[in-house]
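*Asks:* Let me begin by handing over the structure; questions about it come next.
The values are calculated or read from the model by the stated rules, or taken from the named source; none is laboratory data. Fair warning: this is a prediction, and the values are worked out from it, not measured in the lab. Methodologically, a virtual Cβ is constructed for each residue, glycine included, from the backbone with ideal geometry; neighbour enumeration extends over all protein chains shown.
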Amino acid sequence: MRYLPMMLAAFFCMSFSAFTMADKQDEMASILLSKITGVNQLAKQVRFISAVKKQNAMGLSLDEIKKRDQQWMQDGADSELKISMGSSDIGKFLSNVIKKNSEKYNEMFLTDNQGANVAAYPLTSDYWQGDEAKFIEAFNNGDGKIYIGKLEFDESTKVNAIQISVPVKYGAKAIGVLVIGVKVDHIEVEKLSQMK
């Protein structure tokens, strides 16, 4: 009986922490609603679903993906794997979307059901996203959900951006994740910065 108050306090703290994290995602989503809607519509396109299904059908083991990840970080931009990220049909499409919408987006990449890149523009710093929140949260064990990353200032482009991750679904199941770096305007930055 004497442990009950401590257990209740611990439970309350854990529940409050989870509640506030979910609340923060909801608040960020309300600020970025139009941008999230656009990203979500892209992820529903047949071209994304087909590209992810094709890579998932390859049946790469997690060990093979991690080997590719290590090689990715060691190789230059002219490696076969890195070139394939932009030379496939879906890679060319990502590149075109970013280039034609450079005022809205600064990056886009597509992953399979383990978080391995299917396509990316520009190239990501690593091949495997499967250990990062942008994949884990959006894939959500195959249930899929929208995940919004932290607001970041990109020194190279002098732009504020936020990564929005949405599941790529086939039927009701998530089969991959689409991550897009979305540029945010000064009003959105102000609203997002005021969040605790």
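*Asks:* For the stretch 127-153, which positions are at pLDDT 95 or above and acidic (Asp, Glu)?
*Replies:* Across the stretch 127-153, the qualifying residues are Asp131, Glu132, Glu137, Asp143.
*Asks:* Separate question: Give the residues of the stretch 125-136 that are crowded, with 16+ Cβ neighbours inside 10 Å, free of Cβ contacts under 8 Å to residues at least 24 places away in the same chain and outside any helix (DSSP H, G or I), sorted by residue number.
*Replies:* Glu132
*Asks:* What pairs come up if the first residue lies in the stretch 97-111 and is farther than 18 Å from Asp185 by Cα, the second is surrounded by fewer than 17 Cβ atoms within 10 Å (Cβ to Cβ) and of a type outside the set (Lys, Arg), and their beta carbons are under 7 Å apart, counting only those six or more places apart or on different chains?
*Replies:* Going by the 7 Å Cβ cut-off, the qualifying pairs are Met108/Val97.
*Asks:* Going through the stretch 72-86 one residue at a time, which ones are over 15 Å from Leu110 (Cβ atoms), assigned to a helix (DSSP H, G or I) and free of Cβ contacts under 8 Å to residues at least 40 places away in the same chain? So that I can check it myself, show each step before the final result.
*Replies:* Within the stretch 72-86, the subset over 15 Å from Leu110 (Cβ atoms) is 72-80, 83.
Add one more test, that the residue is assigned to a helix (DSSP H, G or I), and what stays is 72-74, 80, 83.
Matches in the stretch 72-86: Gln74, Glu80, Ile83.
*Asks:* Would you please name the residue that is nearest to the chain's Cα centre (by Cα), looking only at residues in the stretch 137-157 that are among the polar types (S, T, N, Q) and part of a helix (DSSP H, G or I)?
*Replies:* Among them, the one singled out is Asn140.
*Asks:* Which of (1) part of a helix (DSSP H, G or I); (2) surrounded by fewer than 18 Cβ atoms within 10 Å (Cβ to Cβ) does Leu60 not meet, given it meets every other one?
*Replies:* Only one criterion is unmet by Leu60, namely (1).
*Asks:* Quick one: in the stretch 161-181, of everything that is among the small types (Gly, Ala, Ser) and surrounded by fewer than 24 Cβ atoms within 10 Å (Cβ to Cβ), which residue is farthest from Phe139 (Cα to Cα)?
*Replies:* Ranking the qualifying residues of the stretch 161-181, first place goes to Ala161.
*Asks:* Would you call Lys66 modelled with pLDDT under 95 and surrounded by 10 or more Cβ atoms within 10 Å (Cβ to Cβ)?
*Replies:* No: the conditions fail for Lys66.
*Asks:* If you don't mind, another one. From the list Gln41, Gln74, which residue is closer than 20 Å to Ser165 by Cβ and either of a type in the set (Gly, Ala, Ser) or exposed (fewer than 12 other Cβ atoms within 10 Å of the Cβ) (or both)?
*Replies:* Unique residue meeting the criteria: Gln41.
*Asks:* Being farther than 27 Å from Gly130 by Cα and among the charged types (D, E, K, R) is the filter; apply it to the stretch 182-195 and report the residue that is surrounded by the most Cβ atoms within 10 Å (Cβ to Cβ).
*Replies:* Restricting to residues being farther than 27 Å from Gly130 by Cα and among the charged types (D, E, K, R), the top hit is Glu188.
*Asks:* Could you count how many residues in the stretch 87-116 are in contact with a helix residue (DSSP H, G or I) (Cβ under 9 Å, 6 or more places away or on another chain), more than 24 Å from Glu155 (Cα to Cα) and not in a loop (DSSP other than H, G, I, E, B)?
*Replies:* Going through the stretch 87-116 one residue at a time, the tally reaches 7.
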